[in-house]
Every structure is written in C-alpha cells, then in structure tokens.
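Accompanying notes for the structure given below.
The values are calculated or read from the model by the stated rules, or taken from the named source; none is laboratory data. Since we're looking at a predicted model, the values are computed, not measured. We place every Cβ from the backbone using ideal geometry, glycine too, and count neighbours over all the protein chains shown. Calculation scope for accessible area: heavy atoms of the full protein, side chains included, ligands and nucleic acids excluded. Shrake-Rupley method; radii C 1.70, N 1.55, O 1.52, S 1.80 Å.
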Amino acid sequence: AQSVTQPDARVTVSEGASLQLRCKYSYFGTPYLFWYVQYPRQGLQLLLKYYPGDPVVQGVNGFEAEFSKSNSSFHLRKASVHWSDWAVYFCAVRSGSFNKLTFGAGTRLAVCP
Amino acid sequence: EAAVTQSPRNKVAVTGGKVTLSCNQTNNHNNMYWYRQDTGHGLRLIHYSYGAGSTEKGDIPDGYKASRPSQENFSLILELATPSQTSVYFCASGDDWGYSYEQYFGPGTRLTVL
C-alpha cells in the first residue's frame, strides 16, 4: 500500500536561511506527488505538484521540490526562508481511484528572527 | 479559484449526541472528500464521493456516515459522537478529468466532543 513519511516533525530555521523538508514515499508505479502548506487556523493550500516529467518542480513563494525515483523521495526546498513561511507542511501522494491522497504526518516549520 | 466552505467552523457536542458537518463547493467538481487531522497522523481519509448520490469508505470510516445529496454538498454525520472523535475535520473537492489531480480544501471544522 502507498504511504508517505515525513521524518521531521519539527524544523526550526533562521530567517534568510535555506530550507529542506524531507518526504519519502512508498508507491508501486509512477507517483503523482504534492506538497501542501497549512498556515495557522487555515485549510491546506497547494504549494506544488509533481506529475511525471522534469524531476524539479517549481511552486509558489519560491518553493521547489525534487523528485527522486531511486531514493523514493520528494524533498521540498527554499533558498531563503521568510517569517511568513511559519506553517505546517504536508507531503502527499495520489493513491488509487478518484484521486484520493495519502498524506504524511506533516512537518511544523518555525522561523526564528 | 476553487471555493470550498464548511459549516460550522467550531462545534462542541456531547457524548452520544448526533453531529452533522456540512461542506459546500462551487467548482462543479465530481469528487469530494472528508478528512480528519490529528497531531502525528496528518490527514486521514474518512469518506469520499465521486458524484451526487455516491459515498465510499475511506481509510478510517468507523463511527462516521456521509451523504452527498447534490454535486455541491457533502455532509459528514456522527450518529453517536464520542470523545475520540474530537478533531479538526477538513472537506476537499477535486476533479477527475485530464491531469488535474489536486484537491482544494475548506477552512476546517474544529469539533470537540465532551
């Protein structure tokens, strides 16, 4: 069965520093992968999505992610973090019919001044 | 822009009571989903629907029912609420044609069962 693992429950970075949030997936076949962001007291918003093709995908607000089939990974990156990036980030994989999604447990990002 | 709304936004219920959470989407999406969010678990799928009149069990359906009376509306029903159902519930919608596999989420409903 498909699954998503986000090994870091919490990550703290300084404003202006670079960021990588890790995501490992398990999926038989070609995965469709997503990163969503949840700002405090809000629903989830799509950051970026991977459909088979270029392994590096660009998202909103300077985020990008790199797909690796050999490592079963889809890590999220940002070159310079802003305080407004303080949020919870979820990695997800399309899982089966009707475009269901399987989510990881999420990574809570804190940004220090 | 996808528009998914949920009501109520906050709900306090008593153990054994009936709770209905409502979701409305204005994008004419065929698919709708109900998730619950708990710390350490991310979002877990409770029920989903692929069109008016259909409901299907997700990964954790026990204790929940769903209803899809129209394309726009999808409800989650807790017939006998229990404290373990205290959580934040999210509704989402999505299309099923072409290569648009993403889901659009509502703002969530915070449910507390006392």
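The table that follows gives values for the structure above.
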| read-out | value |
| --- | --- |
| Criterion violated by residue A:39 - all others in (1) open to solvent by less than 60 Å² (accessible area, probe 1.4 Å); (2) closer than 30 Å to residue B:51 by Cβ; (3) at pLDDT below 95 satisfied | (2) |
| Strands (runs of 3 or more DSSP E) contained entirely in the stretch A:49-113, each with at least 3 residues that are free of Cβ contacts under 8 Å to residues at least 40 places away in the same chain and surrounded by 12 or more Cβ atoms within 10 Å (Cβ to Cβ) | A:64-68 |
| Considering residues of the stretch B:19-37 that are over 14 Å from the mean Cα position of the chain (by Cα) and either under 10 Å from residue B:76 (Cα atoms) or within 11 Å of chain A (Cβ to nearest Cβ) (or both) only, the residue least open to solvent (accessible area, probe 1.4 Å) | B:29 |
| Filtered residues of the stretch B:29-64 (kept if in contact with a strand residue (DSSP E or B) (Cβ under 7 Å, 6 or more places away or on another chain) and assigned to a loop (DSSP other than H, G, I, E, B)) | B:29, B:50, B:55, B:58, B:59, B:60, B:61, B:63, B:64 |
| Scope the stretch A:49-64; condition at negative phi and either under 13 Å from the mean Cα position of the chain (by Cα) or away from chain B (no Cβ under 11 Å) (or both); matching residues | A:49, A:50, A:54, A:55, A:56, A:57, A:58, A:59, A:60, A:63, A:64 |
| Conditions (1) closer than 25 Å to residue B:89 by Cβ; (2) open to solvent by less than 30 Å² (accessible area, probe 1.4 Å); number of the one not met by residue A:10 | (2) |
